[in-house]
Amino acid sequence: MLPELPELPEVVPMAPIAAEAAPAAVPGPVPVVEPMPAPTPGPTPEPVARKRPRPGERRVQILQTLASMLEQPGSDRITTAALAARLGVSEAALYRHFASKAQMFEGLIEFIESSVFSLVNQIAEREPSGTVQAHKLATMLLQFAEKNPGMTRVMVGDALVFEHERLIVRMNQFFDRVESQLRQSLRLAAEAAGSTTPTVDANALASALTSFIVGRLQRYARSGFKRLPTEQLDFALQRLTA
């Protein structure tokens, strides 16, 4: 049985932005911006010049909108025309910030990597128990996906099927890094338990746990985000890491 787990580092979903507001420093999915309520009758105001986005702000808005569009269950391949229409800009305006759509997806992948592995490092630094590390890493990753459904489609490759091959390669490398960290944690656990073959034990269990994580993410994406990746998670992880 696992020891009682300390509280996980908080997994925060990507912050929404309002129209023309300064976004968070990292991109992420946002709700569709609702139209402003109709103004109450009154004197006609003086026209106000439309404020131009600050440098870098439009780039973040593009990535947030792309992630938001990926949250729509059953959505087809997202075109730059559809993305531009959602933003209310021309396709040419998109390419002033990104050389290609592949670069837009790379921006989302960079957010996934930086968000997840910063928390992975926190877990490894704070938790001396290898079993607790593995348990919390898996929980954190599935919580991140649950709070960022559009990113889940990127992580499992569904959103990348018709895109550049290097994007799939990069996500595969992401899960290789996850498995590598799990191996380190589970080796600590095997050594603490007195195993005579800690490396063999850790390799086998890390592979199984990574496959479990990927399977939960795939089910979440392909169920239209109805089957949550964290459902009955504690029990499953206790059986896998016992």
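What to note about this one:
- Annotation for Glu110 and His164: the two label points, set 7 Å from Cα along the Cα-Cβ direction, are 1.3 nm apart.
- Average accessible surface for the range 73-112: 48 Å² per residue, computed with a 1.4 Å probe over protein heavy atoms with every protein chain in place.
- Rounded if a/c under 1.5, otherwise prolate or oblate - the range 130-194, Cα gyration tensor axes: oblate
- Placing a label point 7 Å from the Cα of Ala204 along the Cα-to-Cβ line, the residues of the range 173-197 whose backbone N sits under 17 Å from it are 183-184, 186-197.
- The range 146-242 shape via C-alpha gyration tensor axes, a/c threshold 1.5: oblate
- Here the extension length gained between Arg96 and Gln173 equals 24.8 nm, from 0.36 nm per residue of separation less the Cα-Cα distance.
The values are calculated or read from the model by the stated rules, or taken from the named source; none is laboratory data. Computed from a prediction, not measured in an experiment: that's the story for all the values here. Backbone-built Cβ (ideal geometry, glycine too); neighbour counts: all protein chains shown. Quick note on the areas: whole protein, heavy atoms, side chains included, nothing else; ligands and nucleic acids left out. Shrake-Rupley method; radii C 1.70, N 1.55, O 1.52, S 1.80 Å.
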